[in-house]
Amino acid sequence: MKVAIIPVTPFQQNCSLLVCEQTNRAAVVDPGGDLELILDAVKERGVELEKILLTHGHIDHCGGTAQLAQELGLPVEGPHIDDRFLIDDLPQQGPRFGFGQLQSFTPARWLVGGDSVRFGKVELQVRHCPGHTP
């Protein structure tokens, strides 16, 4: 697996592009915003996005998720359901933090510790690390 780090949003948080080297299929992790930067990284590497993975519900990690999922028809996996209140509040948080108008969303699958996520032929194990969010 290859990993590319794409700093996004005014917070410059690390969005990651994970690429299966066998299939050239990829997952984007924590697309907080600056979707043009993310899509440029995808195009530059010539990969096919398969899904969006979210580690948690903070605005800088999931602010661009609804738009990216809608534009590309991608499923969203994660974060943990306890972060639902953060995702539901994205439309109010966006203007407050200078992210513009954001949309809330419901993932195709909420994740818990012990789950697996897959893209291409890569399988990753979900580890729950409490403390950063509920």
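The values are calculated or read from the model by the stated rules, or taken from the named source; none is laboratory data. Note that the structure is a prediction, hence the values are computed from the model and not measured. Please note: Cβ atoms are built from the backbone with ideal geometry, for glycine as well, and neighbour counts cover all protein chains shown. Quick note on the areas: whole protein, heavy atoms, side chains included, nothing else; ligands and nucleic acids left out. Shrake-Rupley method; radii C 1.70, N 1.55, O 1.52, S 1.80 Å.
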### Query
For A66, are the conditions met, namely being outside any helix (DSSP H, G or I), in contact with a Ser or Thr (Cβ under 9 Å, 6 or more places away or on another chain) and open to solvent by less than 20 Å² (accessible area, probe 1.4 Å)?
no
### Message
Of all residues being closer than 17 Å to V28 by Cα and among the aliphatic types (A, V, I, L, M) in segment 74-91, which is surrounded by the fewest Cβ atoms within 10 Å (Cβ to Cβ)? Just the residue, please.
### Response
L74
### Message
Being in a strand (DSSP E or B), β-branched (V, I, T) and open to solvent by 20 Å² or more (accessible area, probe 1.4 Å) is the filter here; which residues of segment 1-28 pass it?
### Response
V3, I5
### Query
If you take the residues of segment 99-134 that are among the β-branched types (V, I, T) and more than 24 Å from K2 (Cβ to Cβ), which of them is nearest to the chain's Cα centre (by Cα)?
T106
### Task
Those residues that are in contact (Cβ under 8 Å) with a residue 24 or more places away in the chain and surrounded by fewer than 17 Cβ atoms within 10 Å (Cβ to Cβ), I need them from segment 107-123; list them, please.
A108, R109, V112, K121
### Message
So if I check each of L102, L49, which one is without any contact (Cβ under 8 Å) to a residue 40 or more places away in the chain, surrounded by 13 or more Cβ atoms within 10 Å (Cβ to Cβ) and either out of contact with any Pro (no Cβ under 9 Å at 6 or more places or on another chain) or outside any helix (DSSP H, G or I) (or both)?
### Response
L49
